[in-house]
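What follows is a short report on a single structure.
The values are calculated or read from the model by the stated rules, or taken from the named source; none is laboratory data. Every value quoted in this text rests on a predicted model; they were computed, and no experiment measured them. Heads up: the accessible areas ignore ligands, DNA and RNA and are worked out on the full protein's heavy atoms, side chains in. Shrake-Rupley method; radii C 1.70, N 1.55, O 1.52, S 1.80 Å.
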Amino acid sequence: DADLGLLHALGGELRLEPSRRGATFSVILSRAPDDSASDAARQRRGRVLVIDDEPAVLATIKRILEREHDVVVVADPREALRVLEADGASYDVVLCDISMPHLTGEELFEKVAATQPAVAGRFLFVSGCAVRASPSFLQRIDGARLDKPFAAQKLLGLVRWHVRAGSSSASSLSP
């Protein structure tokens, strides 16, 4: 199930073709966009912090974003809090899972919002399961949330928009 989510996140699909002797499974991946024709080549490189406790998700998001942006990945939200406390203002976007051990995305966000409201406004939440978040928090972040599995192009588009918008108005999410 997680592998299919990663496949879909990369814009791929799994096809089943039955035959008399069994079945053939095909993995279809879309071609990478031509950089010369892309607006990305003319865009400013953003700095993105990705916080997720799943190594496969971290690797996938990094792979999707690293051609256009400088990406830092952190698997432990407690370490991410230290990174944000030390240098949070240098990140254009903070992609954060909601359900993590030790410190949920909601708890991490609230801690950052208390001391760095401008940085808190750069959070985008990525989650496949938000059961550990309060209903009021989920409603508050509705416009700043990307549900797993997501399409690679959707993730790229959101990050591009936040980088282009700049740190002053990167998100409608308020602390």
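General remarks:
- Unique match (being of a type outside the set (Phe, Trp, Tyr) and within 14 Å of the chain's Cα centre (by Cα)) among Glu54, Glu107: Glu54
Yes or no, residue by residue, for (1) in a loop (DSSP other than H, G, I, E, B); (2) β-branched (Val, Ile, Thr):
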| position | (1), (2) |
| --- | --- |
| Val48 | no, yes |
| Asp53 | yes, no |
| Ala56 | no, no |
| Glu79 | no, no |
| Gly88 | no, no |
| Leu95 | no, no |
| Lys111 | no, no |
| Val119 | no, yes |
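- Residue check for Arg63: open to solvent by 10 Å² or more (accessible area, probe 1.4 Å) and at pLDDT 95 or above: yes
- Selected residue (only one of Ala144, Ala133, Ala89 is over 18 Å from Gly46 (Cα atoms) and either open to solvent by 50 Å² or more (accessible area, probe 1.4 Å) or modelled with pLDDT under 90 (or both)): Ala133
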